[in-house]
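Down below is the structure, laid out as structure tokens.
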Amino acid sequence: MRTLACAVALVLVLAAPHPAGRAALSAATNGAIRGRVELRHVATSPERRPTVSDLATPPPLDATDYLKSVVYLETAPRSAFDMTESTRHAVMDQRNETFVPHLLAITTGTTVDFPNSDHIYHNVFSLSKAKSFDLGRYEAGKSRAVTFERPGIVRVFCDIHSHMNAFILVFNHPFFTVTDTEGRYRIDNVPPGSYNVIAWNEGLSSDPKPVTVPDGGTTELDFALR
Amino acid sequence: MIVHSVYNFLKVKVLAAAALVAALACPAAAGQLPSEPIVAAGGRLTVSGDVSATMSCAHANTPPNAAACTPDTGFFNYTDYKYSALRLFRVDLIANVKDTRRLAVLAEVRSENAGTPSPYGLYLRIKPWLAHDFDIQVGRVPPTFGAFARRSYASDNLLIGYPLAYQYLTSLRPDALPANADELLRMRGRGWQSQFSVGNTVAEPGMPLISALHWDTGVQLHTAASWGDFAASITNGTLANPLVSDDNGGKQVAARGTLRPVPGLIIGASAARGPFVTTHAGEAAGVAAPNSHFTQTAVGADVEYSRGYYLVRAEAILSAWRVPEIAAPYIDAPLRADSIMVEGRYKIRPGLYAAARVDHLGFSTVTGTGRTDSWDAPVIREEVGGGYSIQRNLQLKMSYQHNSRAGGRTKENVSAAQLVFWF
């Protein structure tokens, strides 16, 4: 799993402008890619580490977010780099000893807020190569932020609650999306052209699938993972 | 000579085990290692693990390596006769088998220095009302008393050594009794191999104030609210001598409550009382009082405060053992021991922290023939060190520990390293 994650990270880092996209942009209307990611074997549900030293039954964890995947273009159209975006913000909440959402996809330069909505302390941290940080312990109602400057996969944990974990996928282009819990997705505003598309779930990624986005049209593309 | 051979044997084992853990931790192999608990049977079975390899520079009966590493002949870190907490390869496998949310079996199997695995904890957890935070645990249950005993795992311990109250061996034993105060005073500072004339007369390790290395067997109740929690238990052994099977017909009662008045602050208080002298030793003492009269009674208070990158903990424990008065000069007052420990951690950067602990263990006095002294030798331990997370679940810790004792073998300096892997 770690090897795959590293490979995906490498792909993200190396995501390069795609010449076809730029050529098509000047005279064409952008299209879309949509489809479904089927998870043949759902990722391990977020069971807590069993510790016999706990004195009580821990509350159950919500596994719904583990059904969501990220679908993204392996190489971005050059137009992606012409886009000017205002300051980007995203939020990863800490609620009921869970990161919400469990999976976040953002572009480089995005600042992610980590509010604590529990009545107990949390301590968000990551040792990932793409972004290493430790926000320390802070109470409910407080929030701390991290700006992600480099593309890659960032695994986020809580230093106090070992069962809390999340993924942040940082892209250097905007052509990605997070599926719903049924696996459905749609990437809009894609310049016409040919691309490779990848689906990713909990550290596993699909092989790149080629797709051609027609002028102003929508292309269907499904994935099966695991 | 035999002891030396045992140490060398353990040293080889520990180094081999450490090499194994290090090999497993290398990037090529790490992909094969679990980083999350193993879940099977549709979530009914969850298995986690905790592996630690601890090495220290000092070994018993060997010349000092350097000023910072004196020979380990003071047995300050011994958890029993064979094992030093600073030279230990430990593997814990923990399983949770749950039928419903109301019923679960939790088990932990532990192997130390590649020895035969044994159940460290094994109990049934019952949650009668799903809407309430109330649990009943039956079997070999987690310690009720104190704050440290439930976080003694290498992955939870800020440093490598243990707090004195939870590990340091006093001269007292449940199965052997001092006939008089003189005999007790002769064993000052010799808890690693204590010997008395009543009961079991073979030299054996004494007891700590509280054992963090063995769990007691019985029934435990726990309830919690957002502002704190409360636990109580009835068990076969005592804090110092947890048991699977009762050896004196008496039960220990223990209770603990914690308050969380503001985020980051936890205040705890504990109390326990139970008979500790074995039936055999009690009979050998030949006193009229029933065995249930000879108790270990302990009270404790602890506090933890954390904020940002700081964590500070303090814990104070007072324990008193009542032993039979067998012969003059009599031990006519409870033998008290008091412990106070303060530890702290500061996170320097992601994955890297520094920590320190100061620890004192003191003892009440007894009067022997022409001599009044503490019944065991007071000990001070200072430990500084830190940890670096190679990856989230693989950590390297290093520490330097200074021990001093007012009696017996009086000083010891030890440097230690520990590799911890957990999933």
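The values are calculated or read from the model by the stated rules, or taken from the named source; none is laboratory data. None of the values given here were measured: they were computed from a predicted structure. Glycine also receives a Cβ, built like all others from the backbone with ideal geometry; neighbour counts cover every protein chain displayed. When the accessible area is computed, the model is the full protein with side chains, heavy atoms only, and any ligands, DNA or RNA have been set aside. Shrake-Rupley method; radii C 1.70, N 1.55, O 1.52, S 1.80 Å.
Looking only at residues in region B:263-310 that are touching a residue at least 12 places away in the same chain (Cβ under 8 Å) and of a type in the set (D, E, K, R), the one that is farthest from the other protein chains (Cβ to nearest Cβ) is B:R273. Only a single item in (1) surrounded by fewer than 16 Cβ atoms within 10 Å (Cβ to Cβ); (2) small (G, A, S); (3) over 26 Å from the mean Cα position of the chain (by Cα) is not met by B:A285, and it is number (1). Every listed requirement among (1) within 24 Å of B:A165 (Cα to Cα); (2) within 14 Å of chain A (Cβ to nearest Cβ); (3) more than 19 Å from the chain's Cα centre (by Cα) is met by B:R256 save one, (3).
Residues in region B:396-423 that are within 14 Å of another protein chain (Cβ to nearest Cβ), at pLDDT below 95 and open to solvent by 30 Å² or more (accessible area, probe 1.4 Å): how many? I'd like the intermediate steps shown before the answer.
Within region B:396-423, the first condition is being within 14 Å of another protein chain (Cβ to nearest Cβ), and the residues that meet it are B:396, B:420-423.
Checking which are at pLDDT below 95 leaves us with B:422-423.
If we keep only those that are open to solvent by 30 Å² or more (accessible area, probe 1.4 Å) too, we end up with B:422.
Adding up the residues that qualify gives 1.
Taking every residue in region A:213-226 that is over 15 Å from A:L67 (Cα atoms) and touching a residue at least 12 places away in the same chain (Cβ under 8 Å) and pairing it with any residue that is open to solvent by 50 Å² or more (accessible area, probe 1.4 Å) and part of a loop (DSSP other than H, G, I, E, B), at least 6 positions away or on another chain, the pairs with Cβ-Cβ distances below 7 Å are A:D215/A:T29; A:G216/A:T29. From the residues in region B:311-353 that are within 14 Å of another protein chain (Cβ to nearest Cβ) and open to solvent by less than 50 Å² (accessible area, probe 1.4 Å), which one is nearest to B:G264 (Cα to Cα)? This residue is B:L311.
Taking region B:364-393 as the search range and keeping residues that are closer than 17 Å to B:A154 by Cβ and at pLDDT 95 or above, which one is most open to solvent (accessible area, probe 1.4 Å)? In this case the residue turns out to be B:Y388.
If you go through region A:164-176 and pick out every residue that is open to solvent by 30 Å² or more (accessible area, probe 1.4 Å) and either modelled with pLDDT of 95 or more or within 14 Å of another protein chain (Cβ to nearest Cβ) (or both), you end up with 1. Filtered by the rule that a residue be within 11 Å of another protein chain (Cβ to nearest Cβ), in a loop (DSSP other than H, G, I, E, B) and among the aliphatic types (A, V, I, L, M), region B:123-171 gives B:L130, B:V141. For region B:183-302, the strands (runs of 3 or more DSSP E) that sit wholly inside it and include 2 or more residues that are closer than 22 Å to B:I326 by Cα are B:265-275. Residues in region A:205-224 include at least one that is surrounded by 22 or more Cβ atoms within 10 Å (Cβ to Cβ), among the aromatic types (F, W, Y), under 22 Å from A:P77 (Cβ atoms) and out of contact with any Leu (no Cβ under 7 Å at 6 or more places or on another chain). Evaluated against (1) within 14 Å of chain A (Cβ to nearest Cβ); (2) at pLDDT below 95; (3) more than 19 Å from B:Q296 (Cβ to Cβ); (4) open to solvent by 20 Å² or more (accessible area, probe 1.4 Å), B:R190 falls short on exactly one condition, (1). Evaluation of A:S143 against the conditions (1) open to solvent by 40 Å² or more (accessible area, probe 1.4 Å); (2) modelled with pLDDT of 95 or more; (3) farther than 30 Å from B:K347 by Cβ shows that the sole unmet condition is (3). Which one is nearest to the other protein chains (Cβ to nearest Cβ) among residues in region B:97-122 that are farther than 14 Å from A:L55 by Cβ and in contact (Cβ under 8 Å) with a residue 60 or more places away in the chain? That would be B:Y120. For region A:124-146, the criterion of a residue being in contact (Cβ under 8 Å) with a residue 60 or more places away in the chain and not in a loop (DSSP other than H, G, I, E, B) is satisfied by no position. Inclusion of B:A225 among residues that are touching a strand residue (DSSP E or B) at 6+ places or on another chain (Cβ under 9 Å), among the small types (G, A, S) and within 14 Å of another protein chain (Cβ to nearest Cβ) is not warranted.
Taking region A:165-184 on its own, how many of its residues are closer than 20 Å to A:L67 by Cα and in contact with a Leu (Cβ under 9 Å, 6 or more places away or on another chain)? Result for region A:165-184: 12. Taken over region A:121-134, the criterion of being more than 14 Å from A:T147 (Cβ to Cβ) and facing chain B (nearest Cβ under 7 Å) is satisfied by A:Y121, A:F125, A:L127, A:D134.
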